[in-house]
Amino acid sequence: MTKKVLLSPLDPVHDIGLKMIKRGLDEAGLETKLLPPDTPAEEIIRICMEGSFDTLLLSRTLGYGVAELLARFVDLADAAGLRENVRIGIGGMAVRPEIAAELGFDAGFGPGTTVEEAVAFVEGKEYSPQENEIKKEKVDISSPYTYQYKNEKIGNLLKKITKQIIGWAANKTSPGVERAKLRENEWDYQAFLKKEDDSEFYKRYAQLCDQVPKDFYLQGVMHPKTRELSKDELISLNTYINNMQKQMRVKKLQHTRKLPIVWNQYGTGCPFMDIAHVKASEGWGADGVVHFDPSWGARTEGFLNGNLTHQEDGTVITPNNLYRIHRMLEKSTLWQVRAHRGLNTAETVVLAGKIGADLTKINICYGSLAAGTDPARLTIDAFHAIKYAAKYKMPFDVVTNEELTGVPAYKAFAGMLIVADLAVRLGAKPILQPLFAFSPEVMVGGQMDDNYIDFNAAKIYALRSIVDAPIWPGAPIGFLTQTEDRVQSSLSTALHALLAASLGVDAISIASADEAYSGGPISIPSKIDTLRGVEESFRFLGLAGIKPTENAQIWQEQMVRGIEKVLSQVAEQGDFVQSLYDGVLGSKEEGAFPGRAGYNTVREE
Amino acid sequence: MTDALKRVIDALDVETFLVCESEEEGKKLALSMMKNLGFKDVDLVFIEFIGSGARIRARAYLHRPGDQYGWLFAEEVKVND
């Protein structure tokens with residue numbers, strides 16, 4: 001026999017929640033009747049008894065006098081004998097399950113109750129949130145793309161430039177390239193997992209390192225900002241992870257869209273704290289997490305080893321640290337270990353590939369013009385890193401962060417396209433990473449005086465008009481628009497995410513609400529703030545869109561012309577590395593300075 | 001109430017993330033934390049538990065409407081407060 005459900009709001013006006021539940025109950029095949037708001041309690045009880053209803057669902061939104069109102073209703077229902085045959089549930093914004101239970105209701109549904117939960121109560125079934133659990137899968141954003149050029153002129157210029165780079169790199173090596181080779185050929189991940197003796201490997205490895213790692217391996221001297229995690233800490237971490245993983249579930253942020261996938265960076269300094277951060281990111285909907293290493297790691301020849309915690313920003317790359325973080329990731333979480341900007345670029349890719357990373361991050365121009373690495377050194381290291389990325393089937397993004405120093409977007413894009421073209425020729429899958437940023441170029445030029453939409457849209461339009469390749473704005477979106485205020489910061493991130501979704505990009509990297517705070521490590525609540533903000537922005541947008549003004553088109557055309565001009569200069573020069581030193585891809589006047597780390601370490605084989 | 005707390009116009013919110021096994025446990029921990037901090041009129045504005053713990057916003061009311069407001073009579077804040 002079909003169950004009959006009476007629904008009645010105990011409010012003067014609010015009945016939306018009950019209407020939604022009524023729709024769910026109707027769809028489940030139950031017979032329902034909804035009374036109008038402000039129906040007196042006595043009348044609700046009379047209708048319920050006369051209509052032989054099986055269940056009565058009440059709701060209350062207004063917060064004032066809730067306990068008294070509900071207590072009175074229960075008393076009246078008891079006095080009328082309603083409770084003998086009818087189960088009564090109460091829900092709504094003002095209701096807390098514990099108050100409902102205290103007053104003797106059969107069920108209490110607080111804010112956030114799902115329709116499914118109410119239906120389960122009416123049907124007398126145990127509610128199992130697992131049935132509604134979101135199943136997420138890893139997405140390869142590079143797979144739909146052909147990397148074919150739509151702009152033939154640019155395609156031909158890139159071909160000429162990357163042919164020259166491949167020729168230049170053919171007979172060159174560096175300490176970083178040699179360490180990567182050693183790690184690739186002599187370090188076995190399975191042997192590491194079995195804790196087999198690796199002292200011979202590290203003796204040879206130390207010879208390719210500079211003083212800090214050398215002292216670590218040969219003298220047992222720890223880097224001053226690091227310490228080894230204790231055995232007790234490691235055992236307790238395992239217990240923490242085991243307990244937590246049983247109750248893990250994840251959100252999906254994209255609402256009705258499939259893309260963009262959302263990336264969150266971690267790198268607190270400590271792999272334990274990283275794990276806590278990553279689990280919160282996963283829970284609140286991040287699709288991927290990025291390993292962020294210390295800045296000194298990029299300027300040090302060689303990695304350390306062991307379970308190391310670090311007191312400053314960025315988590316030290318060691319096999320143990322990467323292994324520990326990787327093994328607690330949810331199966332659906334994409335993992336990127338960024339290699340991009342320093343003296344360990346090639347080895348990072350090897351290590352990440354062996355341990356199981358899904359993506360990496362490699363670039364030449366940003367790392368050598370704005371992150372301190374010598375252009376020749378980074379070119380040869382990145383060349384080999386790209387080949388390893390291809391071998392380990394790790395797509396990688398090519399950043400354009402040199403924009404943050406003042407290099408105009410078109411120049412940064414020219415550099416990015418060179419690296420991307422080189423990657424395709426070496427069998428890898430590059431992902432274009434334009435900045436969504438309030439960059440020095442626009443601060444001076446005024447392109448964002450009115451809005452943050454047009455110039456960012458122009459970047460996407462420009463890249464799309466050149467090549468069929470995945471686009472992942474970052475990193476993070478909204479760079480230099482966020483302040484220390486968490487509402488402003490989260491909203492700015494969320495709005496940039498909304499723009500990214502509207503432009504149909506493949507992925508985004510988002511900051512925490514602490515993006516502009518520099519007084520200490522970012523906190524988990526600040527990560528959740530922006531994930532919730534982005535979730536809400538996607539919910540707001542759905543499949544609708546944002547319409548840029550005609551400026552986006554004008555600036556797109558200017559950018560493409562600028563890219564063509566820069567690529568022509570590099571091609572004409574016939575020496576990519578020299579054009580980095582000469583400022584063709586970003587000059588000293590624009591804040592781009594060729595780095596010194598690794599200077600004079602490239603040698604011919 | 002310290003002099004600084006007298007200057008709180010109505011409420012003090014504590015936003016944090018608690019490691020816990022359920023929403024219920026998170027609620028209890030949050031309220032107990034606020035009481036341990038010395039607040040009497042406390043509530044939990046928001047809690048969302050997922051997997052590894054709960055994002056919470058706990059609140060302590062220092063002055064509710066109709067109270068005698070400390071900030072109406074506040075003197076200069078003492079340094080050691």
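Selection of the stretch A:208-221 for residues being surrounded by 15 or more Cβ atoms within 10 Å (Cβ to Cβ), of a type outside the set (Lys, Arg) and either in a helix (DSSP H, G or I) or free of Cβ contacts under 8 Å to residues at least 24 places away in the same chain (or both) yields A:Val212, A:Pro213, A:Asp215, A:Phe216, A:Tyr217. If you go through the stretch B:4-13 one residue at a time, do you hit one that is within 14 Å of chain A (Cβ to nearest Cβ) and either assigned to a strand (DSSP E or B) or open to solvent by less than 40 Å² (accessible area, probe 1.4 Å) (or both)? Yes, some residue in the stretch B:4-13 is within 14 Å of chain A (Cβ to nearest Cβ) and either assigned to a strand (DSSP E or B) or open to solvent by less than 40 Å² (accessible area, probe 1.4 Å) (or both).
Residue-level check: of (1) open to solvent by less than 20 Å² (accessible area, probe 1.4 Å); (2) more than 14 Å from every other protein chain (Cβ to nearest Cβ); (3) more than 30 Å from A:Val584 (Cα to Cα), A:Met559 misses just (3).
Determine whether A:Ser526 is in the same structural domain as A:Asn363 (by TED's automatic domain parsing), part of a loop (DSSP other than H, G, I, E, B) and at pLDDT 95 or above.
On the way: in the same structural domain as A:Asn363 (by TED's automatic domain parsing): yes; part of a loop (DSSP other than H, G, I, E, B): no; at pLDDT 95 or above: yes.
Taking the combined requirement at face value, the residue does not satisfy it.
Is the stretch A:396-416 home to any residue that is open to solvent by 10 Å² or more (accessible area, probe 1.4 Å), closer than 20 Å to A:Ala339 by Cβ and part of a helix (DSSP H, G or I)? Checking the stretch A:396-416: at least one residue is open to solvent by 10 Å² or more (accessible area, probe 1.4 Å), closer than 20 Å to A:Ala339 by Cβ and part of a helix (DSSP H, G or I).
The residues of the stretch A:6-54 that are within 21 Å of A:Ala80 (Cβ to Cβ) and in a loop (DSSP other than H, G, I, E, B), listed by number, are A:Leu10, A:Leu35, A:Pro36, A:Asp38, A:Thr39, A:Pro40, A:Gly51, A:Ser52, A:Phe53, A:Asp54.
Have a look at A:Ala412, A:Ala376, A:Ala420, A:Ala389 and point out the one that is within 27 Å of A:Tyr189 (Cβ to Cβ), of a type in the set (Gly, Ala, Ser) and at pLDDT 95 or above.
Details: A:Ala412 fails: within 27 Å of A:Tyr189 (Cβ to Cβ); A:Ala376 fails: within 27 Å of A:Tyr189 (Cβ to Cβ); A:Ala420 fails: within 27 Å of A:Tyr189 (Cβ to Cβ).
A:Ala389 is the lone residue from the list that is within 27 Å of A:Tyr189 (Cβ to Cβ), of a type in the set (Gly, Ala, Ser) and at pLDDT 95 or above.
Of the residues A:Ala469, A:Ala497, A:Ala513, A:Ala475, only one is in a loop (DSSP other than H, G, I, E, B), touching a residue at least 60 places away in the same chain (Cβ under 8 Å) and either buried (at least 24 other Cβ atoms within 10 Å of the Cβ) or assigned by TED's automatic domain parsing to the domain that holds A:Ala286 (or both); which?
Numbers: A:Ala497 fails: in a loop (DSSP other than H, G, I, E, B); A:Ala513 fails: touching a residue at least 60 places away in the same chain (Cβ under 8 Å); A:Ala475 fails: in a loop (DSSP other than H, G, I, E, B).
Testing whether each residue is in a loop (DSSP other than H, G, I, E, B), touching a residue at least 60 places away in the same chain (Cβ under 8 Å) and either buried (at least 24 other Cβ atoms within 10 Å of the Cβ) or assigned by TED's automatic domain parsing to the domain that holds A:Ala286 (or both) leaves just A:Ala469.
In the stretch A:242-259, the residues that are more than 11 Å from A:Ile134 (Cα to Cα) form Cβ pairs under 8 Å with partners that are part of a loop (DSSP other than H, G, I, E, B) and of a type in the set (A, V, I, L, M), at six or more places apart or across chains, as follows: A:Gln245/A:Met328; A:Thr256/A:Leu543; A:Arg257/A:Leu543; A:Lys258/A:Val139; A:Leu259/A:Val139; A:Leu259/A:Ile141; A:Leu259/A:Val505.
Please return the ranges of helices (runs of 4 or more DSSP H) entirely within the stretch A:73-175 where 2 or more residues are under 30 Å from A:Leu432 (Cβ atoms) and open to solvent by 70 Å² or more (accessible area, probe 1.4 Å). Show your work before the answer.
On the way: elements: A:97-103, A:115-122, A:152-169.
Hits in the stretch A:73-175: A:152-169.
Taking the listed residues A:Asp188, A:Asp198, the one that is at pLDDT 95 or above, open to solvent by 20 Å² or more (accessible area, probe 1.4 Å) and in the same structural domain as A:Thr300 (by TED's automatic domain parsing) is A:Asp188, with no other qualifying. Out of the stretch A:478-494, which residues are surrounded by fewer than 24 Cβ atoms within 10 Å (Cβ to Cβ), within 14 Å of chain B (Cβ to nearest Cβ) and touching a helix residue (DSSP H, G or I) at 6+ places or on another chain (Cβ under 6 Å)? A:Arg486, the sole residue that qualifies. Counting only strands (runs of 3 or more DSSP E) that fall entirely inside the stretch A:223-299 and contain at least 1 residues that are more than 14 Å from every other protein chain (Cβ to nearest Cβ) and within 17 Å of the chain's Cα centre (by Cα), the qualifying elements are A:261-266, A:288-291.
The values are calculated or read from the model by the stated rules, or taken from the named source; none is laboratory data. From a predicted model like this one, the values you see are computed outputs, not experimental measurements. Quick reminder, even Gly has a Cβ in these numbers, built from the backbone with ideal geometry, and neighbours come from all protein chains shown. Calculation scope for accessible area: heavy atoms of the full protein, side chains included, ligands and nucleic acids excluded. Shrake-Rupley method; radii C 1.70, N 1.55, O 1.52, S 1.80 Å.
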